[in-house]
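Below is one structure, written out as structure tokens, with a few remarks after it.
The values are calculated or read from the model by the stated rules, or taken from the named source; none is laboratory data. Remember, it's a predicted structure, so these values are computed and weren't measured experimentally. Positions of Cβ are generated from backbone atoms using ideal geometry, with glycine treated the same way; all protein chains shown enter the neighbour counts.
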Amino acid sequence: MKNLILVRHAKAEKRSSEIDDFERKLTKVGKNDSREVAEYVAKILNKVDLLITSPALRAKETAEIFAKSFKSKPKVIEEELLYAGEVEEIIEKISNITKGYNNVMIFGHNPTFDELAKRLTGDDLHLRKAGVICIEGESFDDILSGKGKLKWMVDPKSLSS
């Protein structure tokens, strides 16, 4: 079985005219939430092969925190489409990158990730900040064609309740 794990970046600095959206950093809360969720996810997955992140700073910081939580030390790559791409473009790009891997995490932004999750599972899911959705399928082709099944979902709020 293959797992595609969608991760929304954690809480970041507020939008302002003084900071370019691309350069917004995680807040202290965002970093703490990322660590908490990453540690939980690492216990479930044991090994992640590849992390693909939006090049926006807040997504990269979230991916770096997750990468450190896995003993397997997964490869981390940036993909521009995860910042501003359309769902169809992201699906096509991911299908070209995932070959040869079993567990792949992608880090990005809403509303695109909510749309992507719905497209891949058929479920109307909402990713909170630092939220994670794991979609399982026989192959990445199955997952990316909408035949994947929601395996589990977690976010900081669900861990604290």
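Considering only residues of the range 65-89 that are touching a Leu at 6+ places or on another chain (Cβ under 6 Å) and closer than 23 Å to Lys28 by Cα, which is surrounded by the most Cβ atoms within 10 Å (Cβ to Cβ)?
Among them, the one singled out is Ala67.
Of the conditions (1) loosely packed, with under 15 Cβ neighbours inside 10 Å; (2) closer than 20 Å to Asp33 by Cα; (3) touching a residue at least 60 places away in the same chain (Cβ under 8 Å), Ser160 satisfies every one except a single condition; which number is it?
Status for Ser160: all satisfied but (3).
Residues are listed down the side, and each one gets a yes or a no for (1) buried (at least 19 other Cβ atoms within 10 Å of the Cβ); (2) assigned to a loop (DSSP other than H, G, I, E, B); (3) touching an Asp or Glu at 6+ places or on another chain (Cβ under 9 Å):
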{"position": "Glu61", "(1), (2), (3)": "yes, no, no"}
{"position": "Ile106", "(1), (2), (3)": "yes, no, yes"}
{"position": "Leu116", "(1), (2), (3)": "yes, no, no"}
{"position": "Asp123", "(1), (2), (3)": "no, yes, no"}
{"position": "Ala130", "(1), (2), (3)": "yes, yes, yes"}
{"position": "Ile135", "(1), (2), (3)": "yes, no, no"}
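Name the pairs: first residue in the range 111-135 and among the aromatic types (Phe, Trp, Tyr), second residue in a strand (DSSP E or B) and surrounded by 21 or more Cβ atoms within 10 Å (Cβ to Cβ), Cβ to Cβ under 7 Å, at least 6 apart or on different chains?
If the second residue must be in a strand (DSSP E or B) and surrounded by 21 or more Cβ atoms within 10 Å (Cβ to Cβ), the pairs left are Phe113/Leu6; Phe113/Arg8.
Select from the range 19-41 the residues that are at pLDDT below 95 and assigned to a helix (DSSP H, G or I) and write down the one among them that is surrounded by the fewest Cβ atoms within 10 Å (Cβ to Cβ).
Checked the range 19-41; the qualifying residue surrounded by the fewest Cβ atoms within 10 Å (Cβ to Cβ) is Glu23.
Exactly one condition in (1) surrounded by fewer than 19 Cβ atoms within 10 Å (Cβ to Cβ); (2) out of contact with any helix residue (DSSP H, G or I) (no Cβ under 8 Å at 6 or more places or on another chain); (3) part of a helix (DSSP H, G or I) is not met by Lys47; state its number.
It is condition (3) that Lys47 fails.
Select from the range 66-106 the residues that are out of contact with any strand residue (DSSP E or B) (no Cβ under 9 Å at 6 or more places or on another chain) and among the charged types (D, E, K, R) and list them in ascending order.
Hits for the range 66-106 are Lys68, Lys71, Lys73, Glu80, Glu86, Glu88, Glu89, Glu92, Lys99.
In the list Thr53, Thr27, which residue meets the criterion of being under 27 Å from Ser160 (Cβ atoms), touching a helix residue (DSSP H, G or I) at 6+ places or on another chain (Cβ under 7 Å) and of a type in the set (Val, Ile, Thr)?
Only one candidate qualifies: Thr53.
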